[in-house]
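Please read the structure below before turning to the comments.
Any read-out appearing in this document is the output of simple, stated calculations on the displayed coordinates, not a laboratory observation. For clarity, every value in this text was computed on a predicted model and none was experimentally measured. Neighbour counts run over all protein chains shown; Cβ positions are idealised from the backbone, glycine included.
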Amino acid sequence: MPDSFNPRDKEAQLRSESHSWDTSQVQESTVGDIPLIDVKDYFQTLSDVTLDQVASQLREACTEVGFCSIVGHQFPSSILQQALDETRRFHDQPIEIKNSLLMDKPDWPIKGVGYLPFNNFKLPARDKGNLNEAFVIKRDQATSLDDNQWPGEDQLPGFRRRIETYAREIEKLAKQLLPVYARALKLDRDYFEPAFTSPLYRLRLSRYPSFTQKDLEGFGIAPHVDTTFFTLLAQDSPGLVIYSEKRQCWIHAPVIEGAFVVNTGELLKQWSNDLFISVKHFANNNTSDKSRYSIPFFFNANADFKMECLPSCCDADNPPKYPPISYRDSQGIVQGE
């Protein structure tokens, strides 16, 4: 096991790997390419039997695919629809209003929050701009929702209230999934609770312009792997493309009404000693006449929690491949970023 972790080396490695991926051919998905997991029975009963059933499905999805879609989650459909509507409403605002909320502007103490313009070079960082625009909020033990940039109530009445409601509900759903992940990793159902008392998350309200408005040679979001524990994605139309390790090709991810797409991130991959797959993916807009909107929720443990190789994922014959590391250390960030 390495003695230390260098976030700059890790980022350089991921960028180098992404440049080597041939994304020129994308296939249509077939049944089973992205598993569909129904959590309804478990969420209603919370029994060990239903937990083990859904955990078994999740383990298979995370070790063989890295992505799944979940249904039966009981997430309020009205709150999801409101969040998508508010995402559209934000991006319909004049550019002057959006630019007043620019991410990483010098006079705002919290980094990584606010408006990320079209053709940006962040999240993920790449040599060519990402052909989307986004509004990003985050929260952790040191950053409250009050610390984020928000448009004024006179500019977007009700926007902040509805997005904060969505953030609370999607965090609740993410925490409800933690026992499923624990059992999928053959751990006690409450194993992850100490690591997620005040989880770090980012919520990204994204717009991908139609084909007629953008450079067809670029990406909406460049090919990458997420650096999360897991990501929950809501989307209003197709555009997500993942690399199928089973088929050894890129495939279009289907959009299933009412489902969240869930994918393993790099930190859970490392925490599980590479048992769970962190899948390559990118995103575009697959329509020619309207914008695509998506809301990924990037979910992580407490920013300073040291993630030491899970006991079920290592032994004398399979020692830990990574040193214990926190999210904050993995990103090379300091307090307030």
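Numerical summary
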quantity	calculated
Karplus-derived HN-Hα couplings along region 130-145 (A = 6.51, B = -1.76, C = 1.60, θ = phi - 60°), whole Hz, x at Gly and Pro	7, 8, 8, 10, 8, 10, 10, 10, 9, 8, 7, 5, 9, 10, 9, 5
Using θ = phi - 60° and Karplus 6.51 cos²θ - 1.76 cosθ + 1.60, couplings along region 249-264 (whole Hz; Gly, Pro as x)	7, 7, 9, 6, 7, x, 9, 10, 4, x, 9, 9, 7, 10, 9, 5
The chain: relative contact order as a whole-number percent, Cα under 8 Å and 6+ apart	24
From phi via Karplus (6.51, -1.76, 1.60), per-residue ³J(HN,Hα) for region 157-162 in Hz, x at Gly/Pro	x, x, 4, 4, 4, 6
Nonlocal amide H pairs with N132, under 5 Å, H built at 1.01 Å	N119, N120
Charge dipole of the chain about the Cα centre (unit charges at C-beta), most positive-ward option of H252, M307, T287	T287
Ranked by how many other beta carbons lie within 10 Å on average, peptides 81-90, 259-268, 143-152 from highest	259-268, 81-90, 143-152
Cα gyration tensor shape for the chain, rounded if a/c is under 1.5, else prolate or oblate	rounded
Surrounding net charge for Y181, when Lys and Arg each add one and Asp and Glu each subtract one, Cβ distance under 10 Å	+3
Between 0 and 90°, nearest 10: helix 48-64 axis offset from the chain longest Cα axis	70
Selection from Q141, T63, N273 lying farthest towards where the dipole of the chain points positive, charges on Cβ	Q141
Student exercise, region 7-331 dipole from Lys, Arg, Asp, Glu Cβ charges, in Debye to nearest 20	440
Computed helical MRE - 222 nm, the chain, DSSP H runs ≥ 4 contributing -39500 (n - 2.57), nearest 500	-8500 deg cm²/dmol
Label-point gap, in nm, between V49 and I97 - each point 7 angstrom along Cα→Cβ	5.3
Residue pairs, from the table K111/K306; K98/K306; K186/K306; K40/K306, whose Cα atoms sit over 30 Å apart	K98/K306; K40/K306
